[in-house]
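The values are calculated or read from the model by the stated rules, or taken from the named source; none is laboratory data. Here the structure is a predicted model, which is why all the values come from computation and not from measurement. Methodologically, a virtual Cβ is constructed for each residue, glycine included, from the backbone with ideal geometry; neighbour enumeration extends over all protein chains shown. We work out accessible area using only protein heavy atoms, side chains counted, and drop any ligands, DNA or RNA first. Shrake-Rupley method; radii C 1.70, N 1.55, O 1.52, S 1.80 Å.
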Amino acid sequence: ELLLTGPGLEERVRAAGGQLPPRLFTLPLLHYLEVSGCGSLRAPGPGLAQGLPQLHSLVLRRNALGPGLSPELGPLPALRVLDLSGNALEALPPGQGLGPAEPPGLPQLQSLNLSGNRLRELPADLARCAPRLQSLNLTGNCLDSFPAELFRPGALPLLSELAAADNCLRELSPDIAHLASLKTLDLSNNQLSEIPAELADCPKLKEINFRGNKLRDKRLEKMVSGCQTRSILEYLRVGGRGGGKGKGRAEGSEKEDSRKKRRERKQRREGGDGEEQDVGDAGRLLLRVLHVSENPAPLTVRVSPEVRDVRPYIVGAVVRGMDLQPGNALKRFLTSQTKLHEDLCEKRTAATLATHELRAVKGPLLYCARPPQDLKIVPLGRKEAKAKELVRQLQLEAEEQRKQKKRQSVSGLHRYLHLLDGNENYPCLVDADGDVISFPPITNSEKTKVKKTTSDLFLEVTSATSLQICKDVMDALILKMAEMNKYTLENKEEGSLSDTEADAVSGQLSDPRTNASAGKDGPSPLVVEQVRVVDLEGSLKVVYPSKADLATAPPHVTVVR
């Protein structure tokens, strides 16, 4: 791994004529290269493809690359992640782009980030150059259309995430239905007037965002504003474009769904003993969302303006009713967080999540940024330290790991230190006592550590890239918690603490209203309490979960709002 930034880098790049220093291309075993925040870097320079044949990740964000790439980047046969965000790229034509199309210049590329550039068009041969692409981020460019080749049948069979918000897109081709693996589509804040009905034919599509487009169909535009993915796809599926038979069918379907939900809620309130209620108790787990207006003491997170330049996005939620006492329940919970960090959070580069014992959290909370020498925390499993000292200690441990294992990769928290590079201030979450309970993306505080006796938790997700990824990660975490509770209830494990032991350890009696253990009347629901994120003046920035969140619950989880 090699990460370069700062004044010394600027000098070397200028000396190399605005290109990467040639000595970089003499490291044939390099897997990860990041060069960021260099205003003098206008081109990667010749020799990259030949000199770095084993490169897996190339991050060249927030430089001055453009208007093209000369010479082109590829071929890079092992490259999986390419981040060119925040540059000045205007076009990527053949010879000045990502690499050749025949044979594919980037045959293993999975993630491509071109956001925050000035691209007016995409290369027509992108799909042939990177046929295994899974994630494509084009947010914040000047695109007015997608190349037809992008949606050719079988062109990108693995593409699951396409983001092109904040462009100038005027139309979306019906051929988008050929993206068989597409799960997430964000085309917000463009100039679209119609959404093709064929979009509903994407078999795996779970989340769409078309907000900020002036659609001709005003009813559809209203649905889009609420981000009701399921309703939108159903509306498109039955041919709705504002009138005719399709609209009537869509309305009828929505009304029937509404009536069905009302009947289900009524049955749950009345504790009905019919067959449908029996099935629900036996096979389902309930997630009950408690609105801020229904909560006598809602938790609030205030956001200080200085985080805007460090890690601007945060969402929070309170979950009550988890059962972590039996067997390996706590271990499974912690393992699920690690897996989320590896996958959806992209090794914490996209987002970082943290879980806290709610009883130890004193609100309101403040999300702010502090100089490393002023940020003091008691990290999980360590003694109190200032962030500057903690980071230095982790760096020394990482070096020792590399020496002992005789390899470049490291494990644990040491893998995430590079995410702090170039930051004068570090983000942190502070409670009402003034204690730092979270230092993303590195660690939580020992003060709010989750234990086997924990049943009520405060969850937070932060990101430097987008608010939507925070919500996606929070959705995934809460739904995973629901699945884990269901597993715990259905599989009796040894090693559970008795109620008396749990009370003794936790220091207070458990609340029967939030006890997650299955009783004789069936499982109690997990309660998800909304958490408001506001600025220092109290103006709302985001509330989670909103109506658009937790929309893709698995079949055995019922969300009651």
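Couple of notes before you dig in:
- Any hit, segment 439-458, residues being among the charged types (D, E, K, R), modelled with pLDDT under 90, surrounded by fewer than 17 Cβ atoms within 10 Å (Cβ to Cβ) and under 29 Å from Thr558 (Cα atoms): no
- Some residue of segment 218-230 being touching a Gly at 6+ places or on another chain (Cβ under 6 Å) and either closer than 19 Å to Asp549 by Cβ or outside any helix (DSSP H, G or I) (or both): no
- Restricting attention to segment 315-328, the residues that are open to solvent by 10 Å² or more (accessible area, probe 1.4 Å) and under 20 Å from Pro441 (Cβ atoms) total 0.
- Reported count of residues in segment 1-28, each being polar (S, T, N, Q), open to solvent by 80 Å² or more (accessible area, probe 1.4 Å) and in contact with a Ser or Thr (Cβ under 9 Å, 6 or more places away or on another chain), is 0.
Here's the yes/no breakdown for (1) closer than 29 Å to Glu342 by Cα; (2) open to solvent by less than 20 Å² (accessible area, probe 1.4 Å); (3) aromatic (Phe, Trp, Tyr):
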| site | (1), (2), (3) |
| --- | --- |
| Leu60 | yes, yes, no |
| Ser70 | no, no, no |
| Leu82 | yes, yes, no |
| Gly86 | yes, no, no |
| Gly95 | no, no, no |
| Ala101 | no, yes, no |
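- Cβ pairs under 7 Å, 6+ apart, first in segment 146-169 and open to solvent by 60 Å² or more (accessible area, probe 1.4 Å), second of a type in the set (Lys, Arg): Leu158/Arg132; Glu161/Lys183
- Taken together, the criteria place Pro75 among residues that are of a type outside the set (Val, Ile, Thr) and either open to solvent by less than 60 Å² (accessible area, probe 1.4 Å) or modelled with pLDDT of 90 or more (or both).
- Residues satisfying the stated conditions in segment 418-427, i.e. in contact with a helix residue (DSSP H, G or I) (Cβ under 8 Å, 6 or more places away or on another chain) and open to solvent by less than 40 Å² (accessible area, probe 1.4 Å): Leu420, Tyr426, Pro427
- Where Val391 falls short, out of the listed (1) under 27 Å from Lys452 (Cβ atoms); (2) surrounded by 15 or more Cβ atoms within 10 Å (Cβ to Cβ): (1)
- Pair list, Cβ under 9 Å, 6 or more apart: segment 547-561 residue open to solvent by 30 Å² or more (accessible area, probe 1.4 Å) and of a type in the set (Ser, Thr, Tyr), other residue in a loop (DSSP other than H, G, I, E, B) and at pLDDT 70 or above: Thr552/Lys206
- Which listed residue is at pLDDT 90 or above, under 14 Å from His418 (Cβ atoms) and open to solvent by 30 Å² or more (accessible area, probe 1.4 Å), from His31, His56: His31
- When Leu136 is tested against (1) under 18 Å from Asp186 (Cα atoms); (2) surrounded by 19 or more Cβ atoms within 10 Å (Cβ to Cβ); (3) out of contact with any helix residue (DSSP H, G or I) (no Cβ under 9 Å at 6 or more places or on another chain), just one condition goes unmet, and that condition is (3).
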